[in-house]
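Any read-out appearing in this document is the output of simple, stated calculations on the displayed coordinates, not a laboratory observation. Nothing here was measured: the structure is a model prediction, and the numbers come from that model. Note that we place each Cβ from the backbone using ideal geometry, even for glycine, and neighbour counts take in every protein chain shown.
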Amino acid sequence: MWNNSNGSDSGQASFAIRIVERIAAVDPNVWNGLAATGGAVQPHPENPFVTHEFLSALEDSGCVGQRAGWLPQHLVLEGDDGVPIAVAPAYLKSHSQGEYVFDYGWADAFQRAGGRYYPKLQMSVPFTPATGPRLLVGGLPGAEVRRQALAEGAKAYVAKTGVSSVHATFVTEDDLTALTGSDWLHRTDQQFHFRNRGYGSYDDFLATLASRKRKALKKERREALANDISIEWLTGRDLTEAAWDAFFEFYLDTGGRKWGRPYLNRRFFSLIGERMGDRVLLIMAKRAGRYIAGALNLLGTDTIFGRNWGCIEEHPFLHFEVCYHQAIDYAIAHKLEVVEAGAQGQHKLARGYEPVTTHSAHFIAHPGLRHAIEDYLEAEREEVEQVGEILSGHTPYKKGDAE
């Protein structure tokens, strides 16, 4: 624990930063209250990934920890009475896997120059390329001061421990303002999101597309389900262990081919089903009486977040149907505003998903490395902006329908 101070309109606010190695050290109601912008008595955080339930499931299942190279080092900001007034999920990393904001080149360059890039501190949700709050301050007054104190506290962690850097990835605009205001570097990247513009049905969405694109998507969806394939939406009590068994088989097959070793284990899926099943959506494809493919989604207040996909049978366009079209169907049916379908993938563009800029912030301790990265990020931001403008001109929407 160490003390930190931050100026405010009322004078000098004094805080203490404490590091906890298990999220269980923080009361779930306190954590979730800080993760919810409303700060209600019975909080319901808008973003499912920063809930106590999700993060504790990662820890309790062993998906994160010393062996995984994701050692929890959560920052807890306390006032004079010792009560947490802000928190930040953070992990000491011995590698850069499972982050989706790639800094392998930075690590290689620093190590070739004789530096030591690892360990580093990562302020993020493990294995999750979804934008959300990282500086959890609740909805009470003084949020900006407490965000700033967490940003400074993370820098103090670097100074006290000697790690090379701290990285906050997929941050919100409020967090980015606080972090860059504390001398962190700004990085951008790109994803593709679907925005529900008040559609009453999928046909209403299709009506906004150019005729040729509309016909192509109708044909694609017909062919995806041509082999007597049906789709089920499973959430809450429908998330049986049998359904999780089937999905985990899909996940292992696809994850093993993509990464060599999938990040999540079977127990993790049972735990999120048990602890937050009403915020979990499995979109499952069935043929001949058994599940053959599925996609895991998490539900926010106004967003559906697509996470993992897998299959044991290959069928044309089934991946697009389960991961993208069905997510749009669900968002429209439940009046959700956004579908975030994960990292990368320009193929999403033709299916109604539009380019969106994502943000991260990085504090680099070594002056030489910081200067080199700062120059690189300036050029990278310009490139991301230019590519985004080009891609925005290639959406399937009629001119004027996508703004």
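With a cut-off of 9 Å between beta carbons, the residues surrounding V166 carry a summed charge of +2, where Lys and Arg count +1 and Asp and Glu -1.
Estimated from the Cβ-Cβ distance and a Förster radius of 56 angstrom, the FRET efficiency linking A288 and H371 is about 0.40. Angle of helix 241-259 to the longest C-alpha principal axis of the chain, folded into 0 to 90 degrees and rounded to 10: 70°. Near the amide H of H193, within less than 5 Å, lie the amide hydrogens of E354, V356, all on another chain or at least 5 residues away, with H placed in the peptide plane. With the charge dipole of the stretch 197-336 set up from +1 on Lys and Arg Cβ and -1 on Asp and Glu Cβ about the Cα centre, the Cα lying farthest toward the positive end among the listed residues L209, F320, F269 is that of L209. Lysine pair count for the chain (Cα-Cα distance under 13 Å; residues 8 or more apart in sequence or on different chains): 6. In the chain, the longest principal axis of the Cα atoms and the axis of helix 211-224 are about 80 degrees apart. Taking trypsin sites (Lys or Arg not before Pro) across the stretch 192-241, the ones in a DSSP loop with at most 14 further Cβ atoms lying within 10 angstrom of their Cβ are R197.
Please tell me the relative contact order of the stretch 197-336 in percent, rounded to the nearest whole number, where contacts are Cα pairs under 8 Å and at least six residues apart.
30
In this simple spin-label approximation, Q344 and T177 carry label points 7 Å from Cα along the Cα→Cβ vector, and these lie 3.4 nm apart.
Could the peptides 324-333, 17-26 be put in order, highest first, of the mean number of other beta-carbon atoms found within 10 Å of their residues? List each step's numbers first, then the result.
On the way: 324-333: 21.4, 17-26: 17.1.
By packing density, highest mean first, the sequence is 324-333, 17-26.
Tilt of helix 367-392 relative to the longest C-alpha principal axis of the chain, in degrees (0 to 90, nearest 10)? The two axes meet at around 30 degrees.
For the stretch 322-391, trypsin sites (Lys or Arg not before Pro) meeting the loop criterion (DSSP other than H, G, I, E, B) and having at most 14 other Cβ atoms within 10 Å: K335. If you take the alpha carbon atoms of the stretch 87-239 and fit the smallest convex hull around them, that volume is 225 Å³ per residue. Would you be so kind as to identify which of L225, G310, A379 lies farthest towards the positive end of the dipole of the chain, taking Lys and Arg as +1 and Asp and Glu as -1 on Cβ and the Cα centre as origin? The residue sitting farthest along the positive end of the dipole is L225. For K218, the shell of other residues with beta-carbons less than 13 Å away shows a net charge of +4, using +1 for Lys and Arg and -1 for Asp and Glu.
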